């Protein structure tokens, strides 16, 4: 397996784009659970019930506004993959840790990514039988932070970070795609989202959306907001498509206004990224 084939087989399926997806967890309520009367995207009540107080969709649209201030912690999870990190717009910095696969995987990847504008670094760890067979493994598993050439990662969502678009999951774009929503309790919602624009948001890759076909127009979701009305959790329940089982994408937000500046790696722990690294992600 070459480094470039590794890119197509792994990186395109996960990371920040992210194709993060997992089978439904038994503890997650589905969008079809018992709830208050259904409200359409325009806020109109369903014929079967009376209107709920306020506009549920507008509440969720408003819940994402604080994200644009770029001061929060976040997580993304699915399919044995996880990402967690923080964004700190005041210092133009962000840090993220990503894990794809585990000890039993043929190929697993861990990344520790730090952005401190204008610089970026990544510490990469590849493991598993497939990784050990890669000729370039020694050039990739350096055990140090690899300083990235910004001209070579510009526009690369796996390694780059756009401080003009500070939300890795693009929740504001996703909530704009809500086609039906209902309140399920204090600060909780459920409904459906048209995810055909989710690739733009960064929460699903284009191949996953295409595989859903017409189902992409009505993907069930659940959401939670904190006492201040800010989004704290958004869960997409992707239906089965073809040979792909039902999938789940979960994103959370916390510590609004309380994130801290990322820490630059110590100079003695930094090397320049080799060509093999850029080949892996491009």
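The values are calculated or read from the model by the stated rules, or taken from the named source; none is laboratory data. For clarity, every value in this text was computed on a predicted model and none was experimentally measured. Ideal geometry is used to build each Cβ from the backbone, glycine not excepted, and the neighbour counts take in all protein chains shown.
Can you tell me how many residues within segment 200-222 are modelled with pLDDT of 90 or more, touching a helix residue (DSSP H, G or I) at 6+ places or on another chain (Cβ under 6 Å) and within 13 Å of residue 171 (Cα to Cα)? Selection size over segment 200-222: 0.
Here are 248, 233: which of them is farther than 22 Å from residue 95 by Cα, outside the structural domain of residue 110 (by TED's automatic domain parsing) and assigned to a strand (DSSP E or B)?
Values: 233 fails: farther than 22 Å from residue 95 by Cα.
Only one candidate qualifies: 248.
In segment 131-151, the condition of being closer than 27 Å to residue 232 by Cβ and crowded, with 21+ Cβ neighbours inside 10 Å is met by no residue. Scanning segment 192-203 for any residue that is in contact with a strand residue (DSSP E or B) (Cβ under 7 Å, 6 or more places away or on another chain), in the same structural domain as residue 57 (by TED's automatic domain parsing), part of a loop (DSSP other than H, G, I, E, B) and surrounded by fewer than 20 Cβ atoms within 10 Å (Cβ to Cβ) turns up at least one such residue. Criterion applied to 141, 71 was being at pLDDT 85 or above and under 24 Å from residue 258 (Cα atoms), and the one residue passing it is 71. Of all residues in segment 251-282, none satisfies the criterion of being within 17 Å of residue 77 (Cα to Cα) and either without any contact (Cβ under 8 Å) to a residue 40 or more places away in the chain or not in a strand (DSSP E or B) (or both). Of the helices (runs of 4 or more DSSP H) lying entirely inside segment 87-179, those containing at least 3 residues that are under 20 Å from the mean Cα position of the chain (by Cα) and in the same structural domain as residue 225 (by TED's automatic domain parsing) span 171-176.
Looking only at segment 87-113, residues that are surrounded by fewer than 20 Cβ atoms within 10 Å (Cβ to Cβ) and farther than 23 Å from residue 128 by Cα come to 4 in all.
Across segment 179-194, the number of residues qualifying as touching a helix residue (DSSP H, G or I) at 6+ places or on another chain (Cβ under 9 Å) and within 17 Å of residue 239 (Cβ to Cβ) comes to 6.
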